1. If region 1-49 were replaced by its equivalent ellipsoid, with semi-axes equal to the square roots of 5 times the Cα gyration tensor eigenvalues, what would those be, largest first, whole Å?
2. Using the 2.2 N^0.38 Å rule of thumb for compact globular proteins, work out how region 1-103 stacks up: its C-alpha Rg over that value, please.
3. For residue 166 and residue 120, calculate 0.36 nm times their separation in residues minus their Cα-Cα distance, and state this gained length in nm to one decimal.
4. Give the average over all directions of the projected area of the C-alpha convex hull of the chain, one decimal, in nm².
5. Would you mind checking which residues have amide H under 5 Å from residue 108's amide H? H placed 1.01 Å from N; only 5 or more apart, or other chain.
6. Provide the packing ranking of 77-84, 102-109, i.e. peptides ordered by the mean count of other C-beta atoms within 10 Å per residue, highest first.
7. What percentages make up the Cα-Cα pair-distance distribution of region 55-114 when the bins are 5 Å wide from 0?
Amino acid sequence: MEVNVLRLDHRLKRDTRISTHVCLTARAFGASKIYLAGEKDNKLMDNVRDIVSRWGGDFEIEYTAGYMGVINKWKDNGGKVVHLTMYGSQAHETVGEIRGDGSDILIIVGGSKVPGKVYKAADWNVSVTTQPHSEVSSLAVFQHLLMDGAEFNLEFENPVFEVIPTAQGKNVNIHDENR
């Protein structure tokens, strides 16, 4: 199952930090690509690509002016769409069905007000609690449930930097051959 993420309604002056964190979360929890919709932000996209070049893997970021085109193409290619919203079915009750479907998944995380057509296009509208909170936390919790904890074992190819888990201090392996 391939997982991609669609970030809706990115705004340059307001959302750069949160959209960057959405990208980093998507990557760290096993997504292979993120689509950034809203205002085009070349600096953000370059920063994400720089992180991938230093920390490994083949995660992609792509700007899209028309998010409905991404959704429709995804569905036309047999993929399913999960829209994260506080108004949906509870994630912990729905994730087994989503995972069991076996289809590639496009996870949509909103920005400002999400249009009704996104709710209608989604195969699943899923909530991570029924309370307002961050799209970053929703994405992390949902991807963790979807991956069933397997994100802890992900390996990112050709990293320059690799953190070696340790209870005390920082242990970073530097792969000079990947510089």
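The numbers here are math on the coordinates, done by the rules we state, and not lab data. Please read these numbers as outputs of a predicted model, since none were measured by experiment. Quick reminder, even Gly has a Cβ in these numbers, built from the backbone with ideal geometry, and neighbours come from all protein chains shown.
1. So the equivalent ellipsoid measures 18, 11, 9 Å along its semi-axes.
2. Relative to the 2.2 N^0.38 Å estimate, region 1-103 comes out at 1.11.
3. 12.0 nm
4. Seen from a random direction, the Cα hull of the chain projects 11.1 nm² on average.
5. Counting only residues 5 or more places away or on other chains, the set is 6, 82, 83, 84.
6. Going from most to least packed, we get 102-109, 77-84.
7. Bins of 5 Å from zero give 4, 13, 21, 24, 19, 15, 4, 0 percent of pairs.
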